[in-house]
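Below is one structure, written out as structure tokens; the observations come after it.
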Amino acid sequence: MDAFKLMKELRVNYEQEVFYQPKETGLSLIESTTQDDRRISAKCRDAKVEDLWSLTSFFGYRTQTFVLAVNLLDRFLAMMRIQPKHLSCVSLSCLDMAARVTEDECNLTSTDELIRIGQCRFTVSDLGRMEKIVAEKLNFKSKAITALTFLHLYHRIALSHSTDRKESLSLEKLEAQLKACLCRISFSKAKPSILALSLLRQEIEAIQSEDMLEIAYHIQRHLKIADGELLLWSDRVAQCLSDYASPECSKPNHRKLQWIVSRRTAQNLHSYRSVPELPTIPESCWDESESEDSCEDAMSSGEESLSSSLGSDAEGPFFPLHLRRQKHRQYLHT
């Protein structure tokens, strides 16, 4: 009966996912925008999503919060044309809205602290007005069906049917790999159900479980997902994870969160949270010729990432070694 309910829930979400997807035409317009245009480019969007990953890691927010924030951001950007200077306010609004839906009230960050840690130059009232605009344009109330929705359902279905190496199918690892994919705007074009199934199959192949692979095939047949479409996105997922696993990839480092919390900022924080023990920027490192405001301007301009940190889950253990070896073999063959 539990398995029947899971498959029924899966089908319902599959039929409704289209209502929560960003408009593909809008995403394509962003991808075609050059850095010289006064509109949001793909690089600009991706950098801001990386910032959201950093902030969710810093505040200890759930994966659901990050994924929902990215979903809201992409849907809004695909619908509205905004200037890069407004992107920080939009993205932080999406994060705050997502947190209020997915996080426990005791874990919520105050808006003024969110703005301070995000190194943004707008006010709490600005953020409130932007949240109302985003909520109105997206008709947002309390939920969205995302790739994470399907990833959790697939994981529960796989474990409910299989007795083979249950411990090896790590939901934490799958979530981290989904975050990596969402940092690229191209994956926002994928149907959430297919993106999640691509990640699941990638992990099942890595742990070499024939039992779970059969379950993945059953899910594909149940949702009537075409082989060609699944193969297309599976290849793109494999390439993305291969890039992260590659030694040539500049891996995110949580220590770079120092760009979010300097010693001066930490001293001004009035919160129940303790600032993580991370190296901070020595005060003497500031350029004498530049003020703190001018540096803040550069970080909130929209075209540069606030931080290169995507949190500890962006590091090596969640990006399998077999992908690194696979890429190395491809290099040798070429």
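The values are calculated or read from the model by the stated rules, or taken from the named source; none is laboratory data. Keep in mind the model is a prediction, meaning the values are calculated, not measured. Cβ sites come from the backbone with ideal geometry, for glycine too, and all protein chains shown count toward neighbours. Calculation scope for accessible area: heavy atoms of the full protein, side chains included, ligands and nucleic acids excluded. Shrake-Rupley method; radii C 1.70, N 1.55, O 1.52, S 1.80 Å.
Magnitude of the charge dipole for the stretch 20-138, about its Cα centre and with charges confined to Cβ atoms of Lys, Arg (+1) and Asp, Glu (-1), is about 400 debye.
I'd like the carbon and sulfur percentage of the solvent accessible area for the stretch 20-138, probe radius 1.4 Å, heavy atoms only, ligands and nucleic acids excluded. Before the final figure, lay out each step's value.
Numbers: 2320 of 4990 Å².
Roughly 46 percent of what the probe reaches on the stretch 20-138 is carbon or sulfur.
What residue among S28, L127, V49 has its Cα farthest toward the positive end of the dipole of the stretch 20-138, where the charges are +1 on Lys, Arg and -1 on Asp, Glu, each on the Cβ? Value computed over the given set: S28. Pairs of Cα atoms nearer than 8 Å and 6+ residues apart set the relative contact order; for the stretch 20-138 it is 28 percent. Residue by residue, the stretch 86-91 carries 3J(HN,Hα) couplings of 9, 5, 4, 5, 5, 5 Hz when phi is fed to the Karplus relation 6.51 cos²θ - 1.76 cosθ + 1.60 (θ = phi - 60°); x denotes Gly or Pro.
Given the Cα-Cα distance of L6 and M80 and 0.36 nm per residue of separation, how much length would full extension add, in nm?
Values: separation 74, 0.36 × 74 = 26.64 nm, distance 3.60 nm.
Computed gain between L6 and M80 is 23.0 nm.
Spin-label pair V124-E105: with each label point 7 Å from Cα along the Cα-Cβ axis, the two points sit 1.7 nm from one another. Taking every protein chain into account, the accessible area of the stretch 20-138 amounts to 42 square angstrom per residue (probe 1.4 Å). Rounded, prolate or oblate, given the Cα gyration tensor of the stretch 20-138, with a/c below 1.5 counting as rounded? Taking the square roots of the gyration eigenvalues as a ≥ b ≥ c, the stretch 20-138 is prolate.
Placing S125, S170 in order of accessible area, with the largest value first and a 1.4 Å probe, yields S125, S170. Only lysine pairs 8 or more places apart or on separate chains count here, and in the stretch 120-223 those with Cα atoms under 30 Å apart total 23. Rounded, prolate or oblate for the stretch 85-184? Axes are the square roots of the Cα gyration tensor eigenvalues, ordered a ≥ b ≥ c, and the cut-off for rounded is a/c under 1.5. In terms of gyration-tensor shape, prolate. Across the options A158, G60, T146, the greatest Cα extent toward the positive end of the charge dipole of the stretch 53-182 (unit charges at beta carbon of Lys, Arg, Asp, Glu) belongs to T146. Distance between the modelled labels on E113 and S170, one decimal in nanometres: 2.9 nm (7 Å Cα→Cβ projection).
For the stretch 61-89, list residues with backbone N below 20 Å from a point placed 7 Å from the Cα of K23 toward its Cβ? Under cut-off, by backbone N: 70-84, 86-87.
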